[in-house]
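The values are calculated or read from the model by the stated rules, or taken from the named source; none is laboratory data. On a predicted model such as this, the values are computed, not experimentally measured, just so you know. Here Cβ is always computed from backbone atoms with ideal geometry, including for glycine, and neighbour counts include all displayed protein chains. Surface areas here come from the heavy atoms of the whole protein model, side chains and all, with no ligands, DNA or RNA. Shrake-Rupley method; radii C 1.70, N 1.55, O 1.52, S 1.80 Å.
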Amino acid sequence: MDKRTKARGAQSTCVFCLVRPATEDEHVFPKSWYPKNTPPTVQRVTVPVCGDCNDDFEVAERAFKLPVLMGMDPTNPDGASVIDGLRRSWQFNNAPTLKESVRRAATLRKISRQIRFELRSPNDPTPRRLEVPVRTPAGLYVRASPVLHLEHSVAVKICEKFVRGFHYDEVNVPLPVDTPILFQWVKNLDPEVQASIRQLPLNTRLAPGLRYRVRREGACSFWVFYLWGQVEFVAFAGRPPPESSEELAETSLK
């Protein structure tokens, strides 16, 4: 039995809440988020979790995955199979059973009530996004990108799961529950800051689904997460020095 197995065996409480008993292992990077081209040699990271935290994460993962995948380039191989799985979840006509067909149709109706569509300009330089046929008021069918609002609290929940999960996996000690974790999308950072964080070593052990960078300074750590080669966000965990805490707080609220 190696050192990490012993440490995890000794971890009787959930590494996220540090209150309830750990009853199962949780995939830090959700199991269904690994693309099909993930090498079989990739060792998927799991940590001890309680049933309540596991349920909370499952809800957050569903709420995060759908709107984020809608904004991705479906031709990018790092996430193509995950997007394809999303498309299949809507195709009730191709369901293997009547029960599954009914479930998919209900899911599609629920999504359609919240979704809006954006037409893409032929001169738009941004990466391609998922497109579906949409009927205009004039009766014409055009291809448009579905857009679904992503709640900030959901993104923060996923960020906290990654930080606490990978922290425990790497150092075998849970983060204290009261450790503040500040979240921000990389695209909202100053270009100089973006260039600076890309100088940090890139951890590719879970690639192509997830790559990340981390820098630790004492009790603080700075994380950069890259999902499916397209979605980027950062997190600062810990209590920064007094002179920088106000600046970090302002950045996290932008």
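Quick notes on this structure:
- If you go through segment 195-213 and keep only what is within 12 Å of Trp223 (Cβ to Cβ) and in contact with a Gly (Cβ under 9 Å, 6 or more places away or on another chain), you end up with just Arg211.
- Residue that is surrounded by the most Cβ atoms within 10 Å (Cβ to Cβ), among those in segment 57-72 that are in a helix (DSSP H, G or I) and aliphatic (A, V, I, L, M): Leu69
- Matching option when the condition is open to solvent by 30 Å² or more (accessible area, probe 1.4 Å) and either at pLDDT 95 or above or not in a helix (DSSP H, G or I) (or both), among Val224, Val177: Val177
- Residue list for segment 9-55, restricted to those being open to solvent by 50 Å² or more (accessible area, probe 1.4 Å), farther than 20 Å from Pro174 by Cβ, assigned to a loop (DSSP other than H, G, I, E, B) and not basic (Lys, Arg): Asn37, Pro39, Pro40, Thr41, Gln43
- Residue that is most open to solvent (accessible area, probe 1.4 Å) [pool: residues in segment 199-215 that are farther than 20 Å from Gln43 by Cα and touching a strand residue (DSSP E or B) at 6+ places or on another chain (Cβ under 8 Å)]: Arg215
- Selected residue [over 30 Å from Thr41 (Cβ atoms) and open to solvent by 50 Å² or more (accessible area, probe 1.4 Å)] from Val193, Val154, Val171: Val193
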